[in-house]
Every structure is written in structure tokens, then in C-alpha cells.
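Below is one structure, written out as C-alpha cells; the observations come after it.
The values are calculated or read from the model by the stated rules, or taken from the named source; none is laboratory data. Model, not experiment: these values are computed from the prediction. Here the Cβ positions follow ideal geometry from the backbone for every residue, glycine too, while neighbour counts run over all protein chains shown. To get the accessible areas, we keep the full protein, side chains included, count just its heavy atoms, and leave off ligands, DNA and RNA. Shrake-Rupley method; radii C 1.70, N 1.55, O 1.52, S 1.80 Å.
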Amino acid sequence: GESVGLHLPTLSVQEGDNSIINCAYSNSASDYFIWYKQESGKGPQFIIDIRSNMDKRQGQRVTVLLNKTVKHLSLQIAATQPGDSAVYFCAESANSGNTPLVFGKGTRLSVIA
Amino acid sequence: GAGVSQSPSNKVTEKGKDVELRCDPISGHTALYWYRQSLGQGLEFLIYFQGNSAPDKSGLPSDRFSAERTGGSVSTLTIQRTQQEDSAVYLCASSLGAGYYGYTFGSGTRLTVV
């Protein structure tokens, strides 16, 4: 497949371990945050979102943590699987989610079987 | 279909030619977005349509870029007099509306200007 990005930060994890992907955002007015997964040759796929009135949200095998004090967002993936290998983007929006999402540069997750 | 459909999936064009990229959003989604993704880069916002409101064109990089959305559904992104730096993957997304809604992306159109 085609590479989404060749010079992204890369996180390599052993299959079965937990993964933590971090994201720093700069706009203190951002109030809505989303994590996306992008596999080679495909468009980004929604994983999980969180509003600024929350600091934690859980989904199936994923947890998003939001620290507004230091403007930091993280995505935790439990029991990482080979199918989790992809590029992960955080995205932020302001004005109750009404402004278009601004995407981070992305992190490549590589799962070692 | 159930997803966002983009066509063509790949487009090779000569420098200076005009191109049109098409996006068919999810039925019922009132918001439609165009982003551009260059190799090694994140997604760059281009333009946003919400219902019958005037589009937010703040991300368009130059006046060679334009987009329209007909009947609140299908959208076309037009790039005139293409340049090599326009080479990228152009992604379209739609959502239920403005606000706390995630976007559903299409698979994109890979544009190569030679």
C-alpha cells in the first residue's frame, strides 16, 4: 500500500501490550477532540471522541484522556493487535465543535507480532 | 452506499490543466468538508459546507481552488491550472451537522501533477 507519511513519529509495541499515543494541542479554545486511525491507502476512520467537559472516555479497547491544563490528549489501546497498525491522528475543534477539525501530524503505530 | 464516495480514486494530470474531484456524502449529512493530505503531512483543511450557509473557504490555498455543493449533496472540488505542488490526496468527509459530530471520510482522490 501507499505510505500516508514517511517521517512520522513511530511507536513500536509488542502484540498484546498496551499502546499509548500522545498529542499536544495548542488552541485553548478547543472543546471537542477526536482520534482517527488511518490505514495505508484509506481515509481516516473515527475511533473515539471526547468533549472538553470530560477528562476520560472509554470505548472498546480504547480510552481517551484529556488534560486541559497542559493541553494534552492521549489514546490508550489495550491488548494491541496487528490490525491496530496504522497512523493515528488527533484532531481538535472549537466553538462547541462547530469549527472544522484541525488535525495533528500523526503517529505511526507498528505492532510487532 | 453507506459511506462517503469519492471519484476518481486516482488522477494524473499535466501541469496547467484543470481537474475536478467529486464527493458524494452520506445521505442526510448536512456538513461536508474537503481536506488535503500531502506525503508526510497531516490533513490540511480546505473548505466546509454546512446546509444552506455560505461555505467556509478559509483553508483554500489560492484562487485556483474552488468548490461547490449542489442541492446540499454532491460536492465538486476544482483546481485550475494545476501545479506540481498540488499533488496530494484530497479527502472529503461528511457529518450529521455542525457540532459534536465526528466526520466520516471517503478514501480520497490521489492527484498527481506531472
Strands (runs of 3 or more DSSP E) fully within the range B:1-112 counting 1 or more residues that are open to solvent by 30 Å² or more (accessible area, probe 1.4 Å) and hydroxyl-bearing (S, T, Y): B:5-7, B:65-69, B:75-79
Restricting the range A:66-113 to residues that are in a strand (DSSP E or B) and among the small types (G, A, S), the residue that is surrounded by the fewest Cβ atoms within 10 Å (Cβ to Cβ): A:S110
Considering the range B:11-50 alone, what residues qualify as being away from every other protein chain (no Cβ under 12 Å) and over 17 Å from A:G43 (Cβ atoms)? B:V12, B:T13, B:E14, B:K15, B:G16, B:K17, B:D18, B:V19, B:E20, B:S27, B:G28, B:T30
Filter result for the condition that a residue is modelled with pLDDT of 95 or more and away from chain B (no Cβ under 12 Å), over A:S19, A:S52, A:S28: A:S19
